[in-house]
Amino acid sequence: MYGRLPSLSLPRRADGEVILPPVAPDDVLHNSGLIQQLAVAAKDAALLRGVLMRTKEDPSSTESTSYAPFSLFPSPVPKKLFTEAYEVQQDFNMLVDRISQDSEFLTKALASTVQVDEFTAGLFSIYKQVLEEGITQTITLGINRSDYMFDRGQDHSTSLKQIEINTIAASYAGLAERVPDVHRHVLNFWGKSDEAAKILTNNAVKGIAEGIAKAWQLYGSPEAVVLFLVEKVSRNIFDQRCLEMELWYKNIRVIRRQTLDIYERGSLDDEKRLFVDGYEIAIAYFRTGYSPEDYHNDDCWVARLLIERSKAIKCPDIATHLAGTKKIQQELARSGMVEKFLTDCPKSAERIRATFVGLYSIDEGPEGDEIIKKAVEDPEGFVLKPQREGGGNNIFGEELKQLLGNIKDGPKRSAYILMDRIKPQTVKNYLLHPGSALKLSECVVELGVFGVYIRKCRKLVMNESPGHLLRTKSTEFADGGVSAGVAVLDTPYLI
């Protein structure tokens, strides 16, 4: 009655450009009565399936929750690019791990940044102290997420291009695992049971829990616990709880503490085992600590150092945290740099290199001067990125032009990198936000693939790509990346 979903073949224009068709055709997208029914069914399904967040109005309350923002329809994703993203994730896991073991590279690459960025300098100071004392833990656990958009090339092709890699507090695995059931229900409610059956299952949180559990076993103390380091207030607590419950199902005790709790009640014994409130900590898993706001006084820095000096397995350790900075991402884009770390894996280096867009240093000197000049002349062609995680930090357009004009003649420019702006294709969808009216939007999608790896001494004993996260945002806010508070959860519909 309302038209069938697109076939699995990609429609193309005469010039060869790949077009991403919406899952729902225009006659459905503009059928307000049907959309209202589908939206009600979708929201109830989200609440039923646990796609939840605490509310903006009362973010600390355990009594007040709503659904996490999500798209009404799943979004089309080219199957080829989806597969490529999964295949390259294990390569990225290996690359990040090798970077984290190269103190000479990290020191040289971050030398200019730590002179002008106080936050990165604080992290690097801890890194130096740990290196001088000697690393006490030979087991490394990494949980990361590499994020991509589908870029339209000059030849009209669509390719997978990396926005960033998150090596600390890579979130939304828990909620992403639950969204497919919501979209299956939407499609079934609409009468599209065949299409609903094609929605992929996502095992992101289960795979991440397997990695934490294996690391916990390798720690070798059955009474030791997993510590979740968390913010004082987290609207996204249910995403964390999904992972926590998976560990409880495996009979692994989890405790949740804030950074200041570690300062006030944490200690090391003679063997540098970390204890908090009497619990021995096997793994310190960071869901905070990636932003300057997370270190609101010196006590927080003392606590981070205490954790890093301990025998606990850190996820991430300080070296891996630094390996995920924007400056390192930019340095890796230099010719031959990825290949240097993966000399024994040329195919891995090739796959990684294919996902890169232009990344540029704007440090003082001729190279930085030239790229700043280009960005000022074409501010819509670039993204200015500070050394920050968590979304909402990138700078575009006229704001980029103005900021570069203010910092171009001083050392503060080393706190940023420039990146070519990705120009993804758009697709129509409804983005459901609690309390907001239904509105048809032109959207762009961002695909993230989670990676989990464990290294014992110098050997990887686990290297997996356990799941994915698809997020969608309106082009009204699109910025070549996803900003906090704007992107919504989504599900890929492979085409």
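General observations
- Pairs where the first residue, in the stretch 345-361, is of a type in the set (S, T, Y) and the second is open to solvent by less than 20 Å² (accessible area, probe 1.4 Å) and part of a loop (DSSP other than H, G, I, E, B), C-beta under 8 Å, 6+ apart: S348/L342
Residue-wise test of (1) surrounded by 24 or more Cβ atoms within 10 Å (Cβ to Cβ); (2) in a loop (DSSP other than H, G, I, E, B); (3) of a type outside the set (A, V, I, L, M, F, W, C).
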site: F275; (1), (2), (3): no, no, no
site: A282; (1), (2), (3): yes, no, no
site: Y285; (1), (2), (3): yes, no, yes
site: Y290; (1), (2), (3): no, yes, yes
site: E293; (1), (2), (3): no, no, yes
site: W301; (1), (2), (3): no, no, no
site: E331; (1), (2), (3): no, no, yes
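- Sole exception among (1) in a strand (DSSP E or B); (2) open to solvent by 20 Å² or more (accessible area, probe 1.4 Å) for I255, by number: (2)
- Residue within the stretch 260-268 that is outside any helix (DSSP H, G or I) and farther than 28 Å from T62 by Cα present: yes
- Any hit, the stretch 60-81, residues being touching a residue at least 24 places away in the same chain (Cβ under 8 Å), assigned to a loop (DSSP other than H, G, I, E, B) and of a type in the set (D, E): no
- Residue among E246, E231, E223 that is outside any helix (DSSP H, G or I), out of contact with any strand residue (DSSP E or B) (no Cβ under 9 Å at 6 or more places or on another chain) and among the acidic types (D, E): E231
- Within the stretch 124-141, residues that are over 13 Å from K272 (Cβ atoms) sit with their Cβ atoms under 7 Å from residues that are in a strand (DSSP E or B) and among the aliphatic types (A, V, I, L, M), at 6+ positions apart or across chains, in these pairs: I139/I313; I139/I454; T140/I454; L141/I283; L141/I313; L141/I454.
- Selection of first residues in the stretch 181-197 that are farther than 17 Å from V40 by Cβ and of second residues that are open to solvent by 70 Å² or more (accessible area, probe 1.4 Å) and assigned to a helix (DSSP H, G or I), restricted to Cβ pairs under 6 Å at least 6 apart or on distinct chains, gives the following pairs, ordered by first then second residue: A196/N188.
- Evaluating I163 against the criteria (1) surrounded by fewer than 19 Cβ atoms within 10 Å (Cβ to Cβ); (2) not in a helix (DSSP H, G or I) leaves one unmet condition, (1).
- In the condition set (1) at negative phi; (2) at pLDDT 95 or above, G336 is compliant with all but (1).
- Matching residues in the stretch 59-94 - criterion: being among the aliphatic types (A, V, I, L, M) and farther than 20 Å from Q137 by Cα: A68, L72, V77, L81, A85, V88
- Residues located in the stretch 146-160, provided they are open to solvent by 10 Å² or more (accessible area, probe 1.4 Å) and touching a Ser or Thr at 6+ places or on another chain (Cβ under 9 Å): D151, R152, G153, S159
- Verdict on Y360 being open to solvent by less than 70 Å² (accessible area, probe 1.4 Å) and touching a strand residue (DSSP E or B) at 6+ places or on another chain (Cβ under 9 Å): yes
- The residues in the stretch 26-54 that are surrounded by 14 or more Cβ atoms within 10 Å (Cβ to Cβ) and in a loop (DSSP other than H, G, I, E, B) can be counted, and the count is 3.
- Test: residue in the stretch 95-115 that is in a helix (DSSP H, G or I), among the acidic types (D, E) and open to solvent by less than 30 Å² (accessible area, probe 1.4 Å): yes
- Residue match in the stretch 209-225 (condition: open to solvent by 20 Å² or more (accessible area, probe 1.4 Å), more than 23 Å from R455 (Cβ to Cβ) and not hydroxyl-bearing (S, T, Y)): yes
- Yes/no for L470 being open to solvent by less than 60 Å² (accessible area, probe 1.4 Å), part of a strand (DSSP E or B), without any contact (Cβ under 8 Å) to a residue 60 or more places away in the chain and of a type outside the set (G, A, S): no
- Hey, E364 within 23 Å of T113 (Cα to Cα) and touching a residue at least 24 places away in the same chain (Cβ under 8 Å) or not: yes
The values are calculated or read from the model by the stated rules, or taken from the named source; none is laboratory data. Since the model is a prediction, treat every value here as computed from it, not as a measurement. Positions of Cβ are generated from backbone atoms using ideal geometry, with glycine treated the same way; all protein chains shown enter the neighbour counts. All accessible areas refer to the heavy atoms of the entire protein, side chains included, with ligands and DNA or RNA removed. Shrake-Rupley method; radii C 1.70, N 1.55, O 1.52, S 1.80 Å.
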